[in-house]
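Structure first, commentary second.
Values quoted throughout were computed directly from the atomic coordinates according to the rules given, and no laboratory measurement underlies them. What you see is a predicted model; the values in this text were computed from it and never measured. So basically every Cβ, Gly included, is an ideal-geometry build from the backbone, and we count neighbours across all protein chains shown.
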Amino acid sequence: MGQANGRSAVEDIKRASRYLRGTIRASLADPLTGGVPEADRQLLKFHGTYLQDDRDLRLERQRQKLEPAYQFMVRVRIPGGVLTAEQWLALDDLAGRYGDGSLRLTTRQGVQFHGVVKWHLADTIRAIHTALLTTLGACGDVNRNVTATANPFRSPVHAAVHDWARRVAAHLTPQTAAYHEIWLDGTNLVPPPASEEEPFYGPTYLPRKFKIAFAVPPVNDVDVFAQDLGFIAVADGDRLVGFDVAVGGGMGMTYGDRTTYPQLARVIGFCRPEAVVPVAEQVVAIQRDYGNRAERNHARLKYTIDARGLDWFVAELASRLGCRLKPARPVRFTHSGDRFGWEEGPDGRGHLTLRVESGRVRDGPDRPLRTGLRAVVEAHGGPVCLTPNQNVVLAAVDPARRARLEALARAYGLLADGSPTRAQALACVGLPTCGLAMAESERALPEWVSRIEAEQARVGWGAVPLAVRVSGCPNGCSRPYLAEVGLTGRAPGRYDLYLGGDAAGTRLAQPYGENLDAEGVLAILRPLFARYVDQRRPGERFGDFLCRVGIVRSVTDGRTFWAGGLPTPAADGGTDKEVGR
Ligand code: SRM
Ligand code: SF4
């Protein structure tokens, strides 16, 4: 909410923080609480950590008149998601030493630790730094982790694209010395910033988070149209020619406020590789200067653009760059999500994509997943690439090592041998750590998939993939508004349903049902599945079918996301009565 002065409260916290210092050091040293005051809580995000509490314990702690079970989530920012085997093993160690025993791979190629107590926070961040990784700018009102189509070892074009992603990430990293002062006691393994001021961001940073992704068609694993800024690679054989530039995408929205909506980024032109850093800088600068600093719900770039118009944005960018972007080149995406198993590289090396359900790397009673990944990474010894869909690629594997790695991965259940629906399903973290969760997501995903798979089996669905994505609230961290079947939590056990995204991540799903329990969701899906199997064209995906026969609208502009409101499903949940709604 805006204040009387027209700025959101977070703006004042940032301005008063002396470039993200606030009173963080004193708050960390306060022995009376496992938490920190609100202003430091906001500032800590920029340092890559969130104060949370274990929501499973919340009521019991209240009853016992204890403060919440405070703990921190710590997020590692890994541009393009590439780790060395040593870095993976270092992070794995930390999960056991300071975290809750798990690593959480994220939808932006990052790694999170949960359950870090305040007394271990500095040690955790220091150890991450010692592994030559950082948490700075993993969260907060800055440019977040820059994602790139997974695995730069796949081809020279992938390598070049990844390199540009890293350059953009480095260019937009906050410069404040506060990070080193607070966490690293002045010790630096990487060169300290030249100045403690923020030459680019200034004292109030950005109005809101900002997200950039690099995609290499035909793979849209990064969901490039869900980003504030997307660079879509244009290649000529093995040569990177440049990038199409897309602006103003985003997923988050607020229930009950239809002025908020998910949006797809729009392609505004083409730039040469050398122009990528200036283009990124100027797009972020426009958002820095024009983004809404009064209402955080309307502060993402998508709203800045939609409020002022795409033409205004294109002209403003041209005036800041001193030239217009060239006309966009034609590009085509065929799929989002990950492909599993081996992929052969042009240099003869192989790349093995492993499935990690919801990105949660933990040893469970029936499956030692963390131990398994550790063993596989040790045996591999080469690059470990994180995908934007919470999975892992063992990259650049010599032919001689393939059989051993595959056998190990199989033994630990890391090969995606379930149904395509299960392999593609995504869930955000949700309960018990996420303070914004309204319903279960990660913990509920296996059950959601089982129930959907049962419905698919009943109608003879076959092997066609179905993209199912679950988020615990409308913020959409698993990008559910791009799914063929998207679910967002409303209340414990209740979800809103979205239908009709496409396989390539280029269309928004449409709101289709509200506040439904699992039975309610399945009652809608059941007849639609039957009709799809009965009437689909060869190779046609469920989302495309729903659009073709008019069960949902084809939504490619978020401003029409709410148009027409929710359908009133007929008794059979999917009859022609809904056509043309
Ligand atoms: Fe997210 C907030 C987890 C990717 C949109 N997200 C959060 C917080 C930090 C909750 C909070 O603010 O208190 C969640 C922490 C949960 C926990 O316990 O760990 C959280 N987001 C995640 C992760 C871990 C989900 C996952 O399962 O992988 C992802 C971390 C990515 C990373 O490494 O940086 C994650 N979040 C996303 C994405 C997907 C993406 O970026 O491609 C989105 C949708 C794209 C977008 O930004 O529009 C996303 N997260 C949000 C939003 C809504 C933003 C908005 O514009 O409305 C919030 C809430 C907010 O910012 O106020 C949010
Ligand atoms: Fe939390 Fe909501 Fe993001 Fe899920 S979608 S992690 S519940 S903020």
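Partner lysines whose Cα lies under 19 Å from the Cα of residue 209, excluding those fewer than 8 positions away in the same chain, are identified as 14, 45, 302. Between the C-alpha center of the stretch 435-513 and that of the stretch 134-182 there is a gap of 29 Å. Placing R0 at 51 angstrom, the Cβ-Cβ distance between residue 64 and residue 458 gives a FRET efficiency of 0.60 after rounding to 0.05. Working note: Karplus 6.51/-1.76/1.60 with θ = phi - 60° gives the stretch 475-484 the couplings 5, x, 5, 9, 6, x, 7, 9, 7, 6 Hz, where Gly and Pro are set to x. Paramagnetic label reach from residue 259 (point 7 Å along Cα→Cβ; backbone nitrogen cut-off under 16 Å): within the stretch 296-315, residues 296-309.
Shape index of the stretch 376-439: Rg/Rh, with Rg the Cα radius of gyration and Rh the Kirkwood radius from the inverse mean 1/r over Cα pairs, equals 1.09. Compactness of the stretch 293-346 was expressed as the Cα radius of gyration divided by 2.2 N^0.38 Å, which yields 1.83. For the stretch 202-276, dividing the convex hull volume of the Cα atoms by the residue count gives 117 Å³ per residue.
For the stretch 287-389, what log10 I(q)/I(0) values come out of the Debye formula at q = 0.12, 0.18, 0.21, 0.22 1/Å, with one point per alpha carbon and no solvent? One equal scatterer on each Cα of the stretch 287-389 leads to -0.78, -0.93, -1.12, -1.20.
In deg cm²/dmol and to the nearest 500, what is the mean residue ellipticity at 222 nm of the chain if only DSSP H runs of at least 4 residues count, each as -39500 (n - 2.57), divided by the residue total?
On the way: 17 runs with 182 residues, N = 581.
-9500 deg cm²/dmol, from helical runs alone.
The overall shape of the chain, judged from the alpha-carbon gyration tensor, is rounded, with an a/c ratio under 1.5.
Legend: Rg and Dmax of the stretch 432-577, from Cα coordinates, 14.2, 44 Å. The mean sequence separation of alpha-carbon pairs under 8 Å and at least six residues apart, normalised by the residue count of the chain, gives a relative contact order of 12 percent.
Here the stretch 71-123 is described by how far its Cα atoms reach on the three principal axes: 30, 21, 17 Å, from widest to narrowest. Summary of the geometry: the stretch 16-78 and the stretch 275-308, compared by the centres of their Cα atoms, lie 29 Å apart. Rounded, prolate or oblate: pick one for the stretch 1-102, where a ≥ b ≥ c are the square roots of the eigenvalues of its C-alpha gyration tensor, a/c under 1.5 means rounded, and failing that, prolate if a/b is larger than b/c, else oblate. Note, shape of the stretch 1-102 comes out oblate.
Note on the stretch 411-495: Cα convex hull, mean projected area over all directions, 6.1 nm². Counting only DSSP beta bridges with both residues in the chain, the antiparallel share comes to about 80 percent.
Distance between the modelled labels on residue 535 and residue 272, one decimal in nanometres: 5.2 nm (7 Å Cα→Cβ projection). In the stretch 424-570, Cα pairs under 8 Å separated by at least six residues give a relative contact order of 20 percent.
Roughly what % of Cα-Cα distances in the stretch 348-471 sit above 23 Å, to the whole percent? Mind showing how you got there, number by number?
On the way: 2962 of 7626 pairs.
Of all Cα-Cα distances in the stretch 348-471, 39 percent exceed 23 Å.
For the stretch 1-48, the relative contact order works out to 35 percent when only alpha carbon pairs closer than 8 Å and six or more residues apart are counted.
Between residue 171 and residue 556, the contour length at 0.36 nm per residue exceeds the Cα-Cα span by 135.5 nm.
Kindly identify the stretch 229-356 as rounded, prolate or oblate by the Cα gyration tensor criterion: order the square roots of the eigenvalues as a ≥ b ≥ c, call it rounded if a/c is under 1.5, otherwise compare a/b with b/c, prolate if a/b is larger, else oblate.
oblate
A straight chain from residue 310 to residue 342 at 0.36 nm per residue would run longer than the Cα-Cα distance by 7.4 nm. When you filter the trypsin sites (Lys or Arg not before Pro) in the stretch 207-299 for DSSP loop state and at most 13 other Cβ atoms inside 10 Å of their Cβ, you are left with 258. Helices in the chain that qualify as membrane-span-like (whole DSSP H runs, Cα extent of at least 20 Å along the helix axis, mean Kyte-Doolittle hydropathy of 0.0 or higher) are 276-290, 518-535.
With r defined as the distance between the Cβ atoms of residue 324 and residue 289 and R0 fixed at 25 Å, what FRET efficiency is calculated, to the nearest 0.05?
Numbers: r = 19 Å, r/R0 = 0.78.
Plugging the Cβ-Cβ distance into 1/(1 + (r/R0)^6) gives 0.80.
Expressed in Å, the radius of gyration and Dmax of the Cα atoms of the stretch 446-487 are 11.4, 34. The lysines whose alpha-carbon is closer than 16 Å to the alpha-carbon of residue 326, local same-chain residues fewer than 8 away aside, do not include any residue.
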